[in-house]
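Contents: one structure, followed by commentary.
Nothing in this text is a laboratory measurement; each read-out follows from the coordinates by a stated rule. This structure is a prediction, so every number in the text was calculated from the model and none was measured. Every residue, glycine as well, gets a Cβ built from its backbone with ideal geometry; the counts of neighbours run over all protein chains shown.
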Number of protein chains: 2
Amino acid sequence: MVTIKDVANMAGVSVATVSRVINETGYVHADTRKKVESAVQQLNFKPNEVARSLYKRKSRLIGLLLPDITNPYFPQLARGVEDRMQENDFRLIFGNSDENKQKEMDYIQTFIQNNVVGVISSTNYPDTDTYLKLKIPVVFLDRTLGDSPSVYSDGREGGRLAAQEMLARGSKRITIMQGPAHIRPAQDRFQGAIEVLEESGLPYHIIRTSSFSFHDAESSAKELFHKYAGTDGIIASNDIAATAVLHEALRLGLKVPDEVQIIGFDDIPLSRLLSPSLSTIRQPSYEMGREAANLLIQLIEQTNVANKNIQFPVQFVERDTTRKVD
Amino acid sequence: MVTIKDVANMAGVSVATVSRVINETGYVHADTRKKVESAVQQLNFKPNEVARSLYKRKSRLIGLLLPDITNPYFPQLARGVEDRMQENDFRLIFGNSDENKQKEMDYIQTFIQNNVVGVISSTNYPDTDTYLKLKIPVVFLDRTLGDSPSVYSDGREGGRLAAQEMLARGSKRITIMQGPAHIRPAQDRFQGAIEVLEESGLPYHIIRTSSFSFHDAESSAKELFHKYAGTDGIIASNDIAATAVLHEALRLGLKVPDEVQIIGFDDIPLSRLLSPSLSTIRQPSYEMGREAANLLIQLIEQTNVANKNIQFPVQFVERDTTRKVD
């Protein structure tokens, strides 16, 4: 293995000089710098990142905390974060919080112990001491809190859109699935849909769900058609729930979209491959992940950040679980 | 912030003694050890992981390299790895290789620079110098190479099973989708299916695919029905491909499974929610991830490892894209 001594010998300078060049910690004459850089290149010397991290008190590690990577919405977010971070040579320490506060705090603690220089977190607890007292930049992803740096989509508008499109396509006995109570984006989209339905004056029903898991999606879908057999339009809490509702509707022999319309939320990649393909509200999750990484890099590098609160628009993606209108 | 000095002061011992207790690097009298441990607890002292890592040349970081987290097969694997690692307080540095050798080697390099103590990798290049020369344990996941530690499923048997079930259910003009040529598990399952079809003496067709992406799955599905319109049974390269084939078959007005049977591979969580639900060959991906983590922990802790090559069985999951038999 090549060491800093080998570099110093080849360049004909001291180890301290090599260290100054590598760590950018003091004046080195331009000619000397060139000699050192040339030796580093020729020997293919890779400084130990941990030693550098301790010395400079800086690493190239970022902590990324997501609720659950097995929920198909999150791999896109994670991929966006990673692609952007990789372009700037940052690496990710990754954890699933399961929306569990204690697990989340434990992760943040170990992120700090590993000298991460920034954190991206999809947390339900942005206002806890743990985040407020962190001495490194934090970007909330898919979540927002006051002026704190955050990247999210307009969930309330998404809920409004879903309800408007459902009404415009003629559903009159709509059922809304309300996502888990402690997950803010789930409540935003729910509130948006409720607003529009209240304005319409039409009756509607609500089905409450306690998680975004596949298993709960199936049982919620069954409960929905059992309780509200006459429903003719379902605004699902996300695309997984919508997929389960579609599955159950077809199993019961209902015609989609003629007898029941369904609108999902997220636009996960599989939505377009369902049969019939799923109409949904699209969040640009990959782009949101990239933008969160971009914002965090700016904060770490202390460049002038014009906008720390980045809201992405949502849009209705018309496919085949809703009827056509002119 | 609590420092090692505060702990030493409270315990009435030297900093060196505290260090010996924390890092388990030398003899300390039992009474002294108790005093130190009590002080650590009362002050809630958290040793800096990076400093420990440099001192002990050991971290609690593991490198995890997967092809692409947005392929729905991999989140389950990743989750299995993370859950098991978290139980032993290890943390994951995570990267997507995109099956690209250069990107993969860059990641391994930065894993090493960050002093990871082990690597789990789903690589197509297990026999490169980079892996052979690593001085830390490596477990290949979803891949295998000779005696190297690895956790994988029986892909060839999976391919055989898919073909056997297809034949037993009466398909006579079968089309096999061959996954990307450089991905070993894709070729194993393909070979297994070919073996059984050759033994049967029936004619069959092959569609080659170049990736496991959603986009390519859609175009392969279209190509398949265009080229081999009379096919009555499709053995897909994975569940994404099967989902696209099912979507295209229904779009063309074909009856599934009466006119065309479809069998996938993987059993991703959404497979059971498709309509009709997807018959497939199940790999226990979450359990494989856990087992890979478990094996790596044993190798790191140098416990006596009885079996370094762990093969998981696969099984046919009968759902509604295949016909029933007695």
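If you take all other residues with their beta carbon under 12 Å from the beta carbon of B:Leu77, and give Lys and Arg +1 and Asp and Glu -1, the sum is -3. Residue-level result for chain B: its Cβ closest to the axis carrying B onto A, with that distance in Å, is B:Phe94, 2. With neighbours defined as other Cβ atoms within 10 Å of a residue's Cβ, the residues A:Met85, A:Met10 order from fewest to most as A:Met10, A:Met85.
Using a cut-off of 25 Å between Cα atoms, the listed pairs B:Lys255/B:Lys324; B:Lys222/B:Lys255; A:Lys46/B:Lys103; B:Lys46/B:Lys133; A:Lys5/B:Lys103; B:Lys103/B:Lys135 include B:Lys46/B:Lys133; A:Lys5/B:Lys103 as exceeding that distance. Computed about the Cα centre, the dipole magnitude for the protein assembly as shown is approximately 1840 debye when only Lys and Arg (+1) and Asp and Glu (-1) carry charge, each at its Cβ. How tilted is helix B:214-227 with respect to the longest principal axis of chain B? Cα atoms for both, answer in degrees (0 to 90, nearest 10). Approximately 20 degrees, to the nearest 10. Highest mobility in the GNM of chain B, judged by mean-square fluctuation with C-alpha springs under 10 Å and restricted to B:Ser213, B:Ser279, B:Ser171, is found for B:Ser213. Only beta bridges with both residues in chain B are counted; by DSSP, about 10 percent of them are antiparallel. Our summary gives chain B a relative contact order of 18 percent, counting only alpha carbon pairs under 8 angstrom and 6 or more residues apart.
With label points defined 7 Å past Cα in the direction of Cβ, position B:Ser211 shows copy-to-copy spacings of 3.3 nm, given to one decimal and shortest first.
In terms of its alpha-carbon gyration tensor, the range A:155-283 comes out rounded; the largest-to-smallest axis ratio a/c stays below the 1.5 threshold. Computed over the alpha-carbon atoms, the protein assembly as shown gives an Rg to Rh ratio of 1.01, Rh here being the Kirkwood radius from the mean inverse distance. Farthest toward the positive end of the dipole of the protein assembly as shown, out of B:Thr130, A:His215, A:Pro276, is the Cα of B:Thr130, where the dipole comes from beta carbon charges about the Cα centre. Projecting the Cα atoms of A:Ser14, A:Thr243, B:Gly230 onto the dipole axis of the protein assembly as shown, where Lys and Arg carry +1 and Asp and Glu carry -1 at the beta carbon, places A:Ser14 farthest toward the positive end. When you restrict to C-alpha pairs under 8 Å that are six or more residues apart and normalise by the size of the range B:9-166, the relative contact order lands at 17 percent.
Structure remark: mean-square fluctuation, Gaussian network model of chain A, C-alpha springs under 10 Å; the largest value among A:Glu87, A:Glu99, A:Glu287 belongs to A:Glu87.
Under 14 Å of direct C-alpha separation, and excluding same-chain neighbours fewer than eight residues apart, B:Lys172 reaches these aspartates and glutamates: B:Glu198, B:Glu199, B:Asp232, B:Asp258, B:Glu259. Would you mind telling me which residue in B:Gln102, B:Gln164, B:Gln191 has the biggest mean-square fluctuation in a Gaussian network model of chain B, where springs connect alpha carbons within a distance under 10 angstrom? Top of the fluctuation ranking is B:Gln102. One equal scatterer on each Cα of chain A, no solvent, Debye formula: the resulting log10 I(q)/I(0) at q = 0.11, 0.13 Å⁻¹ is -0.74, -0.93. The charge dipole of the range B:4-47, taken about its Cα centre with unit charges on the Cβ atoms of Lys, Arg (+1), Asp and Glu (-1) only, comes to about 40 debye. With the helix formula -39500 (n - 2.57) applied to DSSP H stretches of n ≥ 4, chain B reaches a computed 222 nm mean residue ellipticity of -13500 deg cm²/dmol.
Position A:Lys101: other-copy label points at 5.2 nm, ordered by increasing distance, label point 7 Å along Cα→C-beta.
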